[in-house]
Amino acid sequence: MRAAILVEPGIIEFKEVETPQINANEVLIRIRAASICGTDVHIFEGRWKVFTPRIMGHEGSGEVVDLGEGVTKVDVGDRVVVAPLIHCGSCRMCRVGRYNICERRKFVGIEADGVFAEYIKVDQTNVEPLPYELSFEEGALVEPFSVAVHAVRRGGIPMNGTVAILGAGPIGLCAIRAAKAAGAGEVLSIDPLEDRLLLASELGAEVVINPKRADVRDLVLKHTGGRGADVIIEASGSPEAYKGIADLAGRGGKIIQIGLPLAQVCFDMLPFSRKELELIGCNGHMMDLEGALDLMRKEGGLLSKMITHRLPLRDVVKGMEMVMEGRGIKIMLLP
Ligand SMILES: [Zn+2]
Ligand SMILES: [Zn+2]
């Protein structure tokens, strides 16, 4: 099969490798769509270390083409989504259902070979059936959407509460839909790129704010009757975003972290005490792709508006460069 292999930071080779051989509980999937995530770009740039050579990619869907004899969950011919979190099932966190913070956690495309290939083999726990209403491309978006669903579930949104989302990249956009589904009232989307803000409105944000053109704090206060937002979702991953974040939150508010700054962040602690704010850390998603799939199905694939480009898998580096330059939102790779 052909695969996109990271041989060292900055170098991806698209070449012929052996198709994986499956074991008893494993499923062989022919990848039909895979999308590029910000994490892939960090890995490509060498800012996130992985053992090489590694087939990259963790957002993908495809068709089951072969099964081990122990597989009961899916059949040959089934359309599936790859659930990339690999957990041990026996550590303390796994035993209480918090698989995403498993002590022996691994991830497809990081510690195991990924979806930027014609085929992938995974354990049957790492596949989720793709409902017929959703396309393979939408299937690839289930994983990033699950990240937003997990964060919103973990943080909790008060009914009709005002939610300010920092960053309108793929995860910030997914967070709009997740917040709405969880009962949010007004959603404010904040991003310096106009094309992203346009998409944020299409996905249901009532208010969009460009920090280059307006004072974010003034506008958040204006739209909340001077109170501040009930929930802030940080999905930009920019250390800068944390600076004034507590000033955007109302009393008793919550700040949900999804974006992952790769540098230290600095913020004023005083408002946390004065307003009894909560800062809630989030790590990826649980194995709850099912919930995300259900939501996507109900919304008729609204999230596919995020797909701005489609490239053949061999052009993966071109796709990475587009993400680095902030061109496009979700780039779909088609093997
Ligand atoms: Zn991702
Ligand atoms: Zn575990």
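Once the C-beta distance of Met93 and Glu133 is scaled by a Förster radius of 25 Å, the resulting FRET efficiency is 0.15 to the nearest 0.05. Once the convex hull of all Cα atoms in the chain is built, its volume per residue stands at 127 Å³.
By Kyte-Doolittle mean hydropathy of at least -0.5 and Cα axial length of at least 24 Å, which whole DSSP H helices of the chain are selected?
On the way: long enough: 136-155 (29 Å, 0.29).
Within the chain the helices that satisfy the rule are 136-155.
When only the Cβ of Lys, Arg, Asp and Glu is charged (+1, +1, -1, -1), the dipole of the stretch 146-280 relative to its Cα centre reaches about 280 debye. Taking other C-beta atoms within 10 angstrom as a stand-in for reagent exposure, Ile43, Ile307 fall in the order Ile307, Ile43, fewest first.
GNM remark for the chain: springs join alpha carbons under 10 Å apart, and the peak mean-square fluctuation among Met296, Met306, Met159 falls on Met159.
Kirkwood hydrodynamic radius computed over the stretch 1-64 comes to 12.9 Å, based on all pairs of distinct alpha carbons. Size of the stretch 146-280: Rg and Dmax of its alpha carbons, in Å, are 13.1, 37.
What the Cα atoms of the stretch 127-219 give is an Rg and a Dmax of 14.0, 45 Å. When the chain is described by a simple charge dipole with +1 on each Lys and Arg Cβ and -1 on each Asp and Glu Cβ, the residue from Val208, Gly46, Pro9 located farthest towards its positive end is Val208. All other residues whose Cβ lies under 11 angstrom from that of His309 are scored, Lys and Arg at +1 and Asp and Glu at -1, for a net of +3.
When both bridge partners sit in the chain, DSSP labels roughly 55% of those beta bridges antiparallel. If each DSSP helix of 4+ residues adds -39,500 (n - 2.57) and the sum is divided by the residues in the chain, what number results at 222 nm, nearest 500 deg cm²/dmol? Using -39500 (n - 2.57) per qualifying helix, the result is -7500 deg cm²/dmol. Taking amide H atoms as placed 1.01 Å from N in the peptide plane, the amide H of Ala249 lies under 5 Å from those of Ala229, each 5 or more residues away in sequence or on another chain.
Rounded to the nearest 20, the Cβ-based charge dipole of the chain about its Cα centre (Lys and Arg +1, Asp and Glu -1) stands at 840 debye.
Sites count as exposed loop sites when they are chymotrypsin sites (Phe, Trp or Tyr not before Pro), lie in a DSSP loop, and have at most 10 other Cβ atoms within 10 angstrom; the longest stretch of the chain without one is 133-335.
Given a cut-off of 24 Å, name the pairs among Lys243/Lys330; Lys15/Lys318; Lys180/Lys254; Lys49/Lys318; Lys49/Lys106 whose C-alpha atoms lie farther apart than that in the structure shown.
Working: Lys243/Lys330 28 Å; Lys15/Lys318 16 Å; Lys180/Lys254 16 Å; Lys49/Lys318 21 Å; Lys49/Lys106 13 Å.
Pairs exceeding the cut-off: Lys243/Lys330.
The H on the amide N of Phe107, modeled in the peptide plane, is under 5 Å from the matching H of Ile86, Ala112, each at least 5 residues off or on a different chain. Taken as Cα centroids, the stretch 298-313 and the stretch 14-35 sit 23 Å apart, rounded to the nearest whole angstrom. Comparing Thr72, Thr39, Thr224 in a Gaussian network model of the chain where C-alpha atoms under 10 Å apart are linked, the largest mean-square fluctuation is found at Thr72. Electrostatic tally near Met56: other residues with Cβ closer than 10 Å to its Cβ, Lys and Arg +1, Asp and Glu -1, net -1.
Springs join every pair of Cα atoms under 10 Å in this Gaussian network model of the chain, and among Asn126, Asn100, Asn210 the largest mean-square fluctuation is at Asn210.
Every number here is computed from the coordinates shown, using simple stated rules; none is lab data. The structure presented is a predicted model; accordingly, all values stated were derived computationally and were not measured. Note that we place each Cβ from the backbone using ideal geometry, even for glycine, and neighbour counts take in every protein chain shown.
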